[in-house]
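First comes the structure, then the notes that go with it.
The values are calculated or read from the model by the stated rules, or taken from the named source; none is laboratory data. If you're wondering where the values come from, they're calculated on a predicted model, not measured in any experiment. Here the Cβ positions follow ideal geometry from the backbone for every residue, glycine too, while neighbour counts run over all protein chains shown.
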Amino acid sequence: MQREELIQKLKPDTLWDIIIIGGGATGLGVAVEATTRGYKTLLLEQYDYTIGTSSRSTKLVHGGVRYLAQGNISLVLEALKERGLLLKNAPHLVINKPFLIPSYKWWYKPFYTFGLTIYDLLSGRLRFGTSRPYSKEKTLEKIPTLKKLNLRGSILYHDGQFDDARLGINLVQTVIDNNGTALNYMKVTSFLKKNNKINGVVAKDEETGTVFKIKAKAVLNATGVFVDTIIQKDNPTAKNVIKPSQGVHIVIDNKFLQSDYALMIPKTRDGRVLFAVPWHNKVILGTTDIPKEEPVIEPKVTDEEVNFILETAGRYLEIKPTRADVKSVFAGLRPLAAPKTGTNEKTKEISRRHKIIISKSGLVSIIGGKWTTYREMGEDAVDKLATLFKLPKRKSISEKLHIHGYKEAVDFKNPLYFYGSDIQGIEELIKLNLELKEWVSKDLKINKAQVVWAVKNEYARNVEDFLSRRTRALLLDAKESIKMAPIVAKIMADELGRDKKWEEEQVKKFNKLAKGYLLN
């Protein structure tokens, strides 16, 4: 279904059960939950789906080993359950990834083996594998590039890896498959009210400038780090409930790890953990934790953060990565619940558990949380909305709901594996036009058919949507993505009926953005 057809559903006399503002992990989780329960649901996203934090994660579906160390057992239990469900419901996107914690001190192996055995036990029937200690020889067999001096071995454990933006677009498709409506580039500018109670929103189509007044029984603010902006549209005097924290990742060549195993460094100088995770034939290194005052849609990476990641990784790897080795660098802002006034909490200690806030006007906001628990957050939010706004009580079915693209026995060697069951559609496009088989990037294994598919079936509206989120070119290799931009712009212009001027503007705009992902 094309965007224009979806927009036609915004009739002034339609009363929606639930309007969700925000198309990141949280908003999409709520939208899937609401539509599959049969509520008339509309999701509105100002930019593109998962444009912010939700496409800039470490790509892990995990219980949170460090929350276990902090003694936060209930959060770990919740996340481990959701990790297991996600592997079952989206097997084309989630894989079981083995991790090694290198041991350079005598007590590491017994200490972490004990802790990770508890992690396995907490997973119950949804466990991903068994944690165990490895000898030095076995460790180097698995990750040959680890620093050998004083290495005593390692501890093996298992967690999940996924593609955040791809899961995001599959959730949009799941919403629409279940008769829900979701629109990107649709900005909520203000609220409709009756007797000081919110009963809808005013939204502007960012492409055409058309303004819509849309009525609803319930309105949910799920805008991540921008939650306060929406709360303050309703009540300008409201206090901030979010404290953004920046996490940076850098992407380097797989020669630095030479392994399918991921590396987890349990304690960095600032007390966080650092991951080195193989992803699409590259390696993601991250992350950092720097408090930020204001949320922005395109956070800027600092030299300090990049140097910290490179220096930490360099202490554990035989080949030290340098700035010249960085293929791409990206930052995301975590929407952490603001600590209460007078407390001196560091951001790494501020709770990742989600919270639901109800304003006097009836605006409901959801904050905190993380990708792993997106489904559980959706269930919790819809339960709350159903109670508050007297919607008919309906049971959740999302625990066993197959996400759009669901496919068993996935061939992860196929460069198109992450499309799941949609691979067939891309192959059909190629049969109809053999030119679409040509590479847009041979290095990143992205072909022309993927561009057409993204416009026709994945709501991609511009070059950035395709190169950053429908594929991950920008995050994997920023220079390569700049080379790809003119070809992508031409194909998209043909599909969307845009002119040469649009093409040129798109390339210029994308190049400017991509430069922020390169180190000078």
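Do we have Lys147 as modelled with pLDDT of 95 or more, of a type in the set (Lys, Arg), in contact with a Leu (Cβ under 7 Å, 6 or more places away or on another chain) and more than 30 Å from Ser123 (Cα to Cα) here?
Values: modelled with pLDDT of 95 or more: yes; of a type in the set (Lys, Arg): yes; in contact with a Leu (Cβ under 7 Å, 6 or more places away or on another chain): yes; more than 30 Å from Ser123 (Cα to Cα): yes.
Yes, satisfied.
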Point to revise | Qualifying position, being of a type outside the set (Val, Ile, Thr), within 22 Å of the chain's Cα centre (by Cα), closer than 26 Å to Pro339 by Cα and modelled with pLDDT of 95 or more, among Glu294, Glu298 | key: Glu298
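Sort through Asp177, Asp205 and tell me the only one that's within 20 Å of Glu464 (Cβ to Cβ), outside the structural domain of Ser135 (by TED's automatic domain parsing), of a type outside the set (Ser, Thr, Tyr) and surrounded by fewer than 24 Cβ atoms within 10 Å (Cβ to Cβ).
Details: Asp177 fails: within 20 Å of Glu464 (Cβ to Cβ).
Checking each option against the conditions leaves just Asp205.
With the condition kept exactly as written, say whether any residue in region 438-445 is more than 21 Å from the chain's Cα centre (by Cα), crowded, with 23+ Cβ neighbours inside 10 Å and touching a residue at least 40 places away in the same chain (Cβ under 8 Å).
Within region 438-445, the subset more than 21 Å from the chain's Cα centre (by Cα) is 438-443, 445.
Now drop any that are not crowded, with 23+ Cβ neighbours inside 10 Å, which leaves 440.
From the residues that got through so far, the ones that are touching a residue at least 40 places away in the same chain (Cβ under 8 Å) too are 440.
The answer is yes, given that some residue of region 438-445 is more than 21 Å from the chain's Cα centre (by Cα), crowded, with 23+ Cβ neighbours inside 10 Å and touching a residue at least 40 places away in the same chain (Cβ under 8 Å).
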Study note, to complete from the structure: Note on Gly425: of the conditions (1) in a helix (DSSP H, G or I); (2) within 18 Å of Glu82 (Cβ to Cβ); (3) of a type outside the set (Lys, Arg), unmet is (2)
**Study point:** Members of region 82-109 that are touching a residue at least 12 places away in the same chain (Cβ under 8 Å), of a type outside the set (D, E, K, R) and farther than 21 Å from Ser259 by Cβ
**Key:** Gly84, Leu85, Leu86, Leu87, Asn89, Ala90, Pro91, His92, Leu93, Trp106
Practice item. Could you grab me the full set of residues in region 1-40 that are part of a helix (DSSP H, G or I), in contact (Cβ under 8 Å) with a residue 60 or more places away in the chain and not hydrophobic (A, V, I, L, M, F, W, C)? Key: Arg3, Thr26, Gly27, Gly29, Glu33, Thr35, Thr36
Check your understanding: Can you name the condition, by its number, that Ile101 falls short on among (1) surrounded by fewer than 18 Cβ atoms within 10 Å (Cβ to Cβ); (2) assigned by TED's automatic domain parsing to the domain that holds Tyr261?
Key -> (1)
Exercise for review: For region 369-422, enumerate the residues that are of a type in the set (A, V, I, L, M, F, W, C), part of a helix (DSSP H, G or I) and surrounded by fewer than 19 Cβ atoms within 10 Å (Cβ to Cβ).
Suggested key: Leu388
